[in-house]
Amino acid sequence: MTKITFVTGNANKLKEVVAILSSGPSSANGDDSHSVGKFTIVNQSIDLDEIQGSIEDVTIHKARAAADTIKGPVLVEDTCLGFNAYNNLPGPYIKWFLQSIGLQGLVNMLQGFEDKSANAICTFGYCSGPGGEVKLFQGVTEGRIVPSRGPTNFGWDSVFEPKGFDQTYAEMDKSVKNTISHRYRALDKVRDFLISQE
């Protein structure tokens, strides 16, 4: 088995990634690792410098830096929330916007706009090791920004209502969210890639 380190310190994100990867032909190994194809997924928290740039630039930089630190295969993730009224900003800077202005601040940003639509974008980067090429896997879920509803313990989930649903991500049962989310759509591609590497 080849070990891949998923770089995150976010326990909620790790649970969600494991749940989604495990929904296909993968299995838990009894410890904190999970198998997908010939790969074992473990996690580690590493402080990585985040550059400014496009979603793709940010993810590629994180994957290369993580591979250099781990000295082996890594999986990194970058999650964005883009408002169509703002030309897909805050985008990769959503984490800092959320820390600075909070959930209500995000809602208030669109107060003067009729267009409340938004895109939840998740990009995973896989790098086989130091100097390796970074492969990108992206998933997008369209939706809109609404006043906060549901638990507020997972980022901006309580203000994002996916298209075709009358619940926010936060209000949804995890089993539903994990079949329509931006993270699910990206991880579906990651799983297919890992299984194809036999």
| Beta bridge orientation in the chain: antiparallel %, DSSP, nearest 5 | 80 percent
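Calculate what fraction, in whole %, of the accessible area of segment 86-148 sits on carbon and sulfur atoms when a 1.4 Å probe is rolled over the protein chains. Walk me through the numbers before you get to the answer.
Working: 1660 of 3180 Å².
The nonpolar share, carbon plus sulfur, comes to 52 percent.
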| query | Looking only at segment 114-156, which residues have a backbone nitrogen under 17 Å from a spot 7 Å from the Cα of residue 99 in the C-beta direction? | reply | 154-156
| Assigned charges on the beta-carbon of Lys, Arg, Asp, Glu; segment 2-197 dipole about Cα centre (debye) | 340 debye
| Helix-only [θ]222 nm of the chain, DSSP H runs n ≥ 4, -39500 (n - 2.57) each, per residue, nearest 500 | -10000 deg cm²/dmol
| field | Residues of segment 87-161: accessible area per residue with a 1.4 Å probe, Å² | value | 48 Å²
| task | Kindly state, to the nearest 0.05, the FRET efficiency for residue 57 paired with residue 179, given R0 = 41 Å and r defined as their beta-carbon distance. | result | 0.90
| request: Calculate the length of the line joining the C-alpha centroid of segment 89-124 to that of segment 138-167, in whole Å. | output: 11 Å
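Please give the FRET efficiency for residue 197 paired with residue 87, using the beta carbon to beta carbon distance and R0 = 41 Å, rounded to the nearest 0.05.
Numbers: r = 37 Å, r/R0 = 0.89.
Result of the calculation: an efficiency of 0.65.
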| field | Extension reserve of the residue 117-residue 71 stretch, reckoned as 0.36 nm per residue once the Cα distance is removed | value | 12.5 nm
| Hey, rough spin-label estimate for residue 108 and residue 149, points 7 angstrom out along Cα→Cβ, what's it come to in nanometres? | 2.2 nm
| message | Can you give me the distance in nm between label points at residue 135 and residue 2, each placed 7 Å from the Cα along the Cα-to-Cβ direction? | response | 0.8 nm
| field | Highest-fluctuation residue, 58, 176, 76 considered, GNM on the chain with Cα pairs under 10 Å | value | 176
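The values are calculated or read from the model by the stated rules, or taken from the named source; none is laboratory data. Just so it is clear, the model here is predicted, and its values are computed rather than measured. We place every Cβ from the backbone using ideal geometry, glycine too, and count neighbours over all the protein chains shown. Remember, those area values only see protein heavy atoms, side chains included, never the ligands or the DNA or RNA. Shrake-Rupley method; radii C 1.70, N 1.55, O 1.52, S 1.80 Å.
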